[in-house]
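Single-structure report; data block below.
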Amino acid sequence: AKQQQAVEILFAVRHIDCPLGLQAIGEFFISITRKAKMPLKQAQIEVGKLCEGFELFPATADAHRIAAREAAAGRYFYWDAVLLASAAEAGCSVFLSEDMHDGAKLAGVTVRNPFGRGGLSKIAREVLELK
């Protein structure tokens, strides 16, 4: 069910301003090759599709400084904070993640879990401009 919801998200973001962090692409590659056991050549193709299909944003030195500060204070895991700080630099206000705490905020970005009990969450539907 979550996989179908994730596909729904991927189709929806094509119609709204939704940049993607390069770090997330790296995490995607690791996940699909290690956990899902996707062949490396297929994973390469999938990464290419993501790179072509989205406006991309990098993790800057400032994002790493913010992440180190937040991790040292015990507020965020380092790589989560890098993603959020980078998203803020890219102009994002909402970050969809099932791994981070729903409602958490960093640098003006609010984390929202897109998955609800019966499908996509209400907030995800609003952010994705779905009915």
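The values are calculated or read from the model by the stated rules, or taken from the named source; none is laboratory data. Because the structure is a prediction, the values reported are computed rather than measured. Methodologically, a virtual Cβ is constructed for each residue, glycine included, from the backbone with ideal geometry; neighbour enumeration extends over all protein chains shown. Heads up: the accessible areas ignore ligands, DNA and RNA and are worked out on the full protein's heavy atoms, side chains in. Shrake-Rupley method; radii C 1.70, N 1.55, O 1.52, S 1.80 Å.
What the table below lists for this structure:
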quantity	calculated
Odd one out for Ala124 among (1) without any contact (Cβ under 8 Å) to a residue 60 or more places away in the chain; (2) not in a loop (DSSP other than H, G, I, E, B)	(1)
Test: residue in region 40-53 that is within 11 Å of the chain's Cα centre (by Cα), buried (at least 16 other Cβ atoms within 10 Å of the Cβ) and free of Cβ contacts under 8 Å to residues at least 60 places away in the same chain	no
Those residues of region 60-119 which are of a type in the set (A, V, I, L, M) and part of a loop (DSSP other than H, G, I, E, B), in sequence order	Ala73, Ala90, Met100, Ala104, Ala107
From the options Glu55, Glu126, Glu98, residue that is touching a helix residue (DSSP H, G or I) at 6+ places or on another chain (Cβ under 9 Å) and not β-branched (Val, Ile, Thr)	Glu98
Test set (1) in contact with a strand residue (DSSP E or B) (Cβ under 7 Å, 6 or more places away or on another chain); (2) within 21 Å of Glu8 (Cβ to Cβ); (3) open to solvent by 30 Å² or more (accessible area, probe 1.4 Å); (4) touching a residue at least 40 places away in the same chain (Cβ under 8 Å) - Ala90 fails condition number	(2)
